[in-house]
Structures are given as structure tokens and as C-alpha cells.
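Read the structure below first, then the notes.
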Amino acid sequence: MKILRCAHASAFSFSAMASIAFGQSTPAPAESPVGSAAPAATLASSPVPDAPAASAPLAGARRGFAQRGPQTRKPVPAGFLSRSQTSNNPNLPTLYIIGDSTASDNPTDPNIQGWGTSFLNYFDSSKINVNNRALGGRSSRSFIYEGHEDELLAMLKPGDTVLIQWGHNDPYDLNESQLRGSLFGLGEDTMDIVRINDGKPETLHTFGWYMRKYVTDIRAKGATPIILTLTVRDRWNKDAPTTIERNPLPDPNLFKDSNDRSHKEPPIYSVWSAEVAKAMNVPLLDVHNLIADWYDKSGQTVVDTYFQSASNPTHRNEAGAAKDAELTLAVLRAYEGSSFDVFLNDKGKAIPAADSKYVFPNKALAAAPQPGAKAGAAAPAPAAK
């Protein structure tokens, strides 16, 4: 059975984005330098969960943004399962998460946690399996070539659902040690390289190509893909210090040459994700703007306490990851409607659904009726050849 069903009809709009004023960006650190452009349709004022009372300012609370070098990590063995798994009952539908460290479990460092770990706490394991397959340091490209997508596909069955969230690491160099960078854009461009770490040839594709591959491969298994926009950094606008950074759309000319990786601000990745979702009729959950709206309401003093350190505005600690998980469930409930409640435990049912403006179901349009056909009548079958 299909777990996830459309509850709203909407369309993602890009035409008005250029007219929206955002704060200025600054060079980014952390696992991936990221700031997502905000979809215009989600910027209207709407209720967000109540913010906590502000506490006393923390010493050195204003974040510094020193660059971090490339991460080092041990190879992930084939068949790897993180501890982020509620159950593995083959008779139940499964909700999977794929993404990078902003979603993944990190058992070795509680101060760097992704939202997927806390997300599991909202589900009834007797009704649904939830399996967080996100892995730190990966990109839309490296998750595939390292074999993790194949591992996912081997487990998928009809009726399963996969939450897809990529973009934080795709801006990296195309041939750096961890091989994360994807070509810019949505097209069919390719580039052949010899990988610096193992000397093997590889054909690189655009970010849009990799995202379409996930959608196509997941659907081929009878499962449902859902795309999420990116999480938000702890960076506040200089000109409007009570608002979290929401970067404007960058100059598209900056993304014409995939060899030029000097522009480490990837606000366009949420936009590219949304365009793939719209073109392929994939539901889009705009967690970026839901989180940003909640951060604006909460204020910097509170939000600063959600992040790993003063020099790392990308990675959350356990408290920050738990808040992202709560908001992600809220927008998923907004998409699903009350029929989804059967899969939630009491803690999950207590999380109110987000405003529907953060949900873009991207339903395919029904075929136009044939001339002269009566309402409700079936379309004529094509002539035999």
C-alpha cells in the first residue's frame, strides 16, 4: 500500500523570487556551505509553533565562520545500517531518509546530530518501520557511486516512502578527496574525470540528473519519493539582525562553469531540488522556510544554542536536531493529513501540522477531456496499429 497520499493541491512558483529582498550572505564554513533560496509562495506570514522564551545571551554567542578543511572518515561497509532504525518488520511499510550529516545519526559525537535520529521517536514501530539511511559527508553524487543507493533500492518494496534531501555537499570540488561535487544545474551535461583518490574513471552528472535518478529508481521499486529543501544555517542578516539568513537567488552566470567552484554559497540547490520535484510531479516539503520562520520567531539567542559550536553554523547539536525533526514531522503531517496519524505514536500525534504553504504536492494535471466527451466519460482507447 502507499503510505503517503496527497492532501493539498499547489504549485511551486519561481517567477516572483527575484522580487523578494533577502539578507546578504557571507562565506560559509562547515560540512557544506549552504543557504537556500526561499520559495516565494512560502514567504507570506503564517502561524509557526510558539517560540521559547529567550535566555540570557551566551558568552561569544555570535557565530564565527572559520573555514573547515575536508572531513576524514572511515569507509562505510556494504550493508551498513545506522542505529537510526525503529524496526525492520518486512510486513510493514518503511519510511526511509537519505541525505547528509544534517539528517544522519552520529553516535560518536552528540554535539553533531542530524534531524533523522530524533525523527524516529515520533512513530509507532508496530505500524511502520522508519530507517534513517543518511550518511555524513555524502552528496547526491557520492551516495550513489559509493553504493548506498543500491543498498537502499535492494531494501525498497512497494508502498515504502523515501525522504530525499541533498545539496549541502554538492558544491565541493569535482575531484577533491571525498569526491562529492556534482556538476551545476539541471541539464544532461556530463564530464569525464579520473578520480584523485583511486585513479578510476567516472562520468559526472549535474545535480538535477542525480536527483532525477533517485526519483526514477525509487519509483521503479514501487516506492514513493518525497523531496525536502535544505536545512538552515545559524547565520543572521546584518541589515535585519532579527531575521535568519535566507539567501537570494545567485547570479546564474556563476553556475555556468562547473569547473569554477569558487562560489561556495549554494542557495540555488533548494531551488534546483524544487524544480526537479515540480517537473517530475514529486511532493516537495519546504523545511527550509519552515525552520527559518521558526528561527525568526525564536530569536538568535535561542537558535545559537541549537548548533555544534561557534565556528560551525551548519551542524546541530542534539537539541537543534530535535527541533528540526519536530518541524520536519509537522510539514510531513501537513502533506499527509489525518490519515497518516495511524503511523504515529502519542508523541508524534502531539506535533501539530505545519501551515500548508510549506507543502507543494506537485500533482500531475489530469488529461484534458476529448472534444465532445461527456463529463466523467472514459477517454477513447487509442486505435490499434
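Being touching a residue at least 40 places away in the same chain (Cβ under 8 Å) and of a type outside the set (S, T, Y) is a property that does not hold for A319. Here L174, L135 are screened, and the one residue that is touching a strand residue (DSSP E or B) at 6+ places or on another chain (Cβ under 7 Å), at pLDDT below 95 and of a type in the set (A, V, I, L, M, F, W, C) is L174. Residues that are part of a helix (DSSP H, G or I) and modelled with pLDDT of 90 or more: does region 359-379 have at least one? No, region 359-379 contains no residue that is part of a helix (DSSP H, G or I) and modelled with pLDDT of 90 or more. For region 140-151, check the following and say yes or no: at least one residue is at pLDDT 95 or above, touching a strand residue (DSSP E or B) at 6+ places or on another chain (Cβ under 6 Å) and crowded, with 21+ Cβ neighbours inside 10 Å. The answer is no, given that none of the residues of region 140-151 is at pLDDT 95 or above, touching a strand residue (DSSP E or B) at 6+ places or on another chain (Cβ under 6 Å) and crowded, with 21+ Cβ neighbours inside 10 Å.
Do the conditions hold for E149, that is, is it within 20 Å of the chain's Cα centre (by Cα) and within 22 Å of S270 (Cβ to Cβ)?
Spelling it out, E149 is indeed within 20 Å of the chain's Cα centre (by Cα) and within 22 Å of S270 (Cβ to Cβ).
E202 meets each of the listed conditions (1) in contact with a Phe, Trp or Tyr (Cβ under 8 Å, 6 or more places away or on another chain); (2) buried (at least 18 other Cβ atoms within 10 Å of the Cβ); (3) in a strand (DSSP E or B) apart from (2).
Of all residue pairs spaced 6 or more apart or on separate chains, those with beta-carbon atoms under 6 Å, a first member in region 292-313 that is closer than 17 Å to H168 by Cβ and a second member that is among the β-branched types (V, I, T) are A292/V232; A292/I244; Q308/I112.
Screening P241, P248, P252 for residues that are surrounded by 13 or more Cβ atoms within 10 Å (Cβ to Cβ), modelled with pLDDT under 95 and of a type outside the set (F, W, Y) leaves exactly one candidate, P248. Within this structure, T229 fails the test of being hydroxyl-bearing (S, T, Y), closer than 23 Å to N281 by Cβ, within 21 Å of the chain's Cα centre (by Cα) and surrounded by fewer than 15 Cβ atoms within 10 Å (Cβ to Cβ).
Any residue that is among the small types (G, A, S), in contact with a His (Cβ under 8 Å, 6 or more places away or on another chain) and within 23 Å of I291 (Cα to Cα) - is there at least one of those in region 122-138?
No, that holds for no residue.
So that you can scan it fast, the table gives a plain yes or no per residue for (1) in contact (Cβ under 8 Å) with a residue 12 or more places away in the chain; (2) among the aliphatic types (A, V, I, L, M); (3) crowded, with 24+ Cβ neighbours inside 10 Å; (4) touching a Gly at 6+ places or on another chain (Cβ under 8 Å):
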{"residue": "G99", "(1), (2), (3), (4)": "yes, no, yes, yes"}
{"residue": "T102", "(1), (2), (3), (4)": "yes, no, yes, yes"}
{"residue": "P107", "(1), (2), (3), (4)": "yes, no, no, no"}
{"residue": "P110", "(1), (2), (3), (4)": "yes, no, no, no"}
{"residue": "F123", "(1), (2), (3), (4)": "yes, no, no, yes"}
{"residue": "R133", "(1), (2), (3), (4)": "yes, no, yes, no"}
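Restricting R212, R235 to those that are charged (D, E, K, R) and within 18 Å of H148 (Cα to Cα) reduces the list to R212.
Residues that are more than 15 Å from T161 (Cβ to Cβ), of a type outside the set (V, I, T) and under 19 Å from the mean Cα position of the chain (by Cα) within region 86-102 comprise D100, S101, listed in sequence order. The set of residues in region 278-301 that are assigned to a helix (DSSP H, G or I) and crowded, with 18+ Cβ neighbours inside 10 Å comprises V287, H288, N289, L290, I291, A292, D293, W294, Y295, D296, S298, Q300. Within region 205-220, the only residue that satisfies the criterion of being exposed (fewer than 14 other Cβ atoms within 10 Å of the Cβ) and either among the hydroxyl-bearing types (S, T, Y) or within 16 Å of D260 (Cβ to Cβ) (or both) is T216.
I196 meets the stated requirement of being farther than 30 Å from G299 by Cα and in a loop (DSSP other than H, G, I, E, B). When the residues of region 264-277 are filtered to those that are more than 22 Å from A330 (Cβ to Cβ) and modelled with pLDDT of 90 or more, the one that is surrounded by the fewest Cβ atoms within 10 Å (Cβ to Cβ) is E275. Only one of the numbered conditions (1) in contact (Cβ under 8 Å) with a residue 40 or more places away in the chain; (2) part of a helix (DSSP H, G or I) is not met by D150, and that is (1).
The values are calculated or read from the model by the stated rules, or taken from the named source; none is laboratory data. The structure presented is a predicted model; accordingly, all values stated were derived computationally and were not measured. No Cβ is skipped: glycine too gets one built from the backbone with ideal geometry, and neighbour counts run over all protein chains shown.
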